[in-house]
Amino acid sequence: MRGRAVSRETGQQRVAVVGTGTGVGKTHASVALIAALAARGASVCGLKPIESGVDGTSTTDADQLALVSSVCPDPAPYRFPDPLSPHLAARRSGRSISLDHAIAWVDRQQASLAIVESAGALLSPLGPGLTNADLVRALAPDALVLVGLDRLGILHEVACCLLALRTLVPGLPPALVVLNPPAAPDASTGTNAGELQALGISSGVVAMPRAAPTAPPSLAAAQLALARLGL
């Protein structure tokens, strides 16, 4: 694994949010967590240091995070127009992604607590030999959230991601699994949180409701997640 070992001196607490796949609702879960913290009066900002598909007109994931933050973040260092994997979007923009640059930007944010969302899934590439797992390692988070969809296949996806974290990024806090409702529920939807726990794959799984991320049921689920993270 490539990436620097971080000795953080900013005093900033960090929660890293990663996904079991692309389009699993990391931003939805992150917005709920940030809004729940802001509602407590916490000094919190939502950050997405790397983002693709930024067309200049649509509301981006980073925009959604900033909107509910109590401390507004600076513009992110890596915002690519092409809606592609970050490594491809960066290549097409004639750039390469530097973890040092991304982490330095996170360090400069003024909030006491930062919710940092990755672009894509846990092992989505950011460059040659570089993935979001390396970004998580460089962030040295105080807490880690793994987001997936409450549908058939999630037991395997969560097990694989947790194995990858233990193997490739040892020493991190245990990941809290957060499940979002899928657009099209299947026969397993509503059972997967319990199965993840019963099978010993993960403990303390939080299931998000089918509601807007700032709606009261979502904020209640986010507060439960924060309590399980010790925040």
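The values are calculated or read from the model by the stated rules, or taken from the named source; none is laboratory data. These numbers were taken from a predicted model, which means no experiment stands behind them. Using ideal geometry, Cβ is built from the backbone for each residue, glycine included, and neighbour counts are taken over all protein chains shown. Accessible surface areas use protein heavy atoms only, side chains included; no ligands, DNA or RNA. Shrake-Rupley method; radii C 1.70, N 1.55, O 1.52, S 1.80 Å.
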From the list Gly56, Gly11, pick out the single residue that is surrounded by fewer than 19 Cβ atoms within 10 Å (Cβ to Cβ), modelled with pLDDT under 95, over 16 Å from the mean Cα position of the chain (by Cα) and under 25 Å from Leu224 (Cα atoms). Gly11
Looking at the structure I just gave you, is Glu157 among the charged types (D, E, K, R), part of a strand (DSSP E or B) and touching a strand residue (DSSP E or B) at 6+ places or on another chain (Cβ under 7 Å)? no
The lone condition His156 fails out of (1) under 18 Å from the mean Cα position of the chain (by Cα); (2) under 30 Å from Gly194 (Cβ atoms); (3) not basic (Lys, Arg) is (1)
Open to solvent by less than 10 Å² (accessible area, probe 1.4 Å), assigned to a helix (DSSP H, G or I) and of a type outside the set (Val, Ile, Thr): does that describe Ala114? no
Return yes when Ala35 is open to solvent by 10 Å² or more (accessible area, probe 1.4 Å), modelled with pLDDT of 95 or more, farther than 19 Å from Ala133 by Cα and touching a Pro at 6+ places or on another chain (Cβ under 8 Å) and no when it is not. yes
Take the conditions of a type in the set (Asp, Glu), surrounded by 19 or more Cβ atoms within 10 Å (Cβ to Cβ) and touching a Ser or Thr at 6+ places or on another chain (Cβ under 7 Å) and apply them to Asp61. Does it pass? yes
For the structure I just gave you, tell me whether Thr189 is open to solvent by 60 Å² or more (accessible area, probe 1.4 Å) and either in contact (Cβ under 8 Å) with a residue 24 or more places away in the chain or over 19 Å from Ala143 (Cβ atoms) (or both). no
